[in-house]
Amino acid sequence: MSFDLPKATRALLIANVAVFLLQLLAKDNSSLMLSQYFALWPLGPEQTGMTPAGNVVHVGFQVWQLVTYGFLHGGVMHILLNMYGLFLFGGAIERTLGTRNFVIYYFVCMIVAALAQLAVVHFFTGGFYPTIGASGAIFGILLAFGMMFPHERLLLIFPPIELPAWMFVTGYGAIELIQGVLGTQAGIAHFAHLGGMLGGFLLIQYWRGKFPIKPKRRLMR
């Protein structure tokens with residue numbers, strides 16, 4: 001972990017915090033508009049609702065929401081946890097991949113996380129509710145850390161033990177899968193987290209030349 005963050009990691013931290021401050025400062029109608037247009041809404045026709053002020057609004061999926069949802073957060077703890085993960089692991093991954101590839105990686109994880117969430121809601125859980133947060137991208141970064149620095153030691157808070165990064169990431173992913181299947185911790189998009197990890201894994205494997213279509217330059221780690 002370094003406090004001297006590379007430029008893309010630093011820019012993403014600033015952007016997320018700036019948008020969250022905008023959410024906090026926005027008045028009721030403006031805050032509603034942020035959610036209406038930029039949160040990730042399920043696939044299907046728009047639905048109509050009424051605001052507390054009596055205004056009619058239409059909400060539904062738009063393609064830009066695959067990215068914009070990742071810059072909205074649902075509360076202080078939500079953004080703190082996500083930005084803490086970006087702060088801890090983002091710099092190491094950006095230095096390994098390079099700034100351009102890191103930015104590509106971040107947004108690929110975010111978009112695949114969104115697609116996974118849309119698919120799960122559409123085909124399995126149903127319901128009409130928005131998804132917000134950078135968690136999918138952060139889980140992708142965590143996956144990259146486990147793959148590129150598998151033997152780095154990470155200290156858990158509870159219980160206070162050290163684990164190699166690969167074991168921590170594998171265990172965390174397994175917990176997310178179990179909680180998603182069992183439907184525990186309602187309100188947390190477990191399959192978006194897993195989608196972010198899947199997107200990151202596939203992109204890293206592509207960059208490592210593991211697929212029939214090869215990249216121009218392979219990652220060495």
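Laid out as a table, the results:
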{"read-out": "MRE, 222 nm, helices only [DSSP H, n ≥ 4, -39500 (n - 2.57), over the chain, to nearest 500]", "value": "-19000 deg cm²/dmol"}
{"read-out": "GNM result for the chain, Cα springs below 10 Å: residue of Pro150, Pro45, Pro130 fluctuating most strongly", "value": "Pro45"}
{"read-out": "Heavy-atom accessible area per residue - the range 7-208, 1.4 Å, Å²", "value": "52"}
{"read-out": "Accessible surface of the range 7-208 [probe 1.4 Å, protein heavy atoms]: carbon and sulfur percent", "value": "71"}
{"read-out": "Inter-probe distance in nm under a simple model that places probes 7 Å from Cα toward Cβ, at Thr184 and Met77", "value": "1.6"}
{"read-out": "Under-5 Å amide H pairs with Leu72, H placed in peptide plane, nonlocal only", "value": "Gly133"}
{"read-out": "Rounded if a/c under 1.5, otherwise prolate or oblate - the chain, Cα gyration tensor axes", "value": "prolate"}
{"read-out": "The chain: most fluctuating residue of Glu162, Glu152, Glu176 per GNM, C-alpha cutoff 10 Å", "value": "Glu162"}
{"read-out": "Distance in nm between pseudo-label sites at Thr96 and Thr170 (7 Å out along the Cβ direction from Cα)", "value": "1.6"}
{"read-out": "In order through the range 6-14: 3J(HN,Hα) via Karplus (6.51 cos²θ - 1.76 cosθ + 1.60), integer Hz, x for Gly, Pro", "value": "x, 5, 5, 4, 5, 5, 5, 4, 4"}
{"read-out": "Paramagnetic reach from Val67 (point 7 Å along Cα→Cβ, amide N under 19 Å) across the range 77-113", "value": "99-113"}
{"read-out": "Over the range 103-221: Rg over Rh, Cα atoms, Kirkwood Rh", "value": "1.01"}
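The values are calculated or read from the model by the stated rules, or taken from the named source; none is laboratory data. Just so it is clear, the model here is predicted, and its values are computed rather than measured. Methodologically, a virtual Cβ is constructed for each residue, glycine included, from the backbone with ideal geometry; neighbour enumeration extends over all protein chains shown. Please note that ligands, DNA and RNA were not included when accessible areas were found on the heavy atoms of the full protein model with its side chains. Shrake-Rupley method; radii C 1.70, N 1.55, O 1.52, S 1.80 Å.
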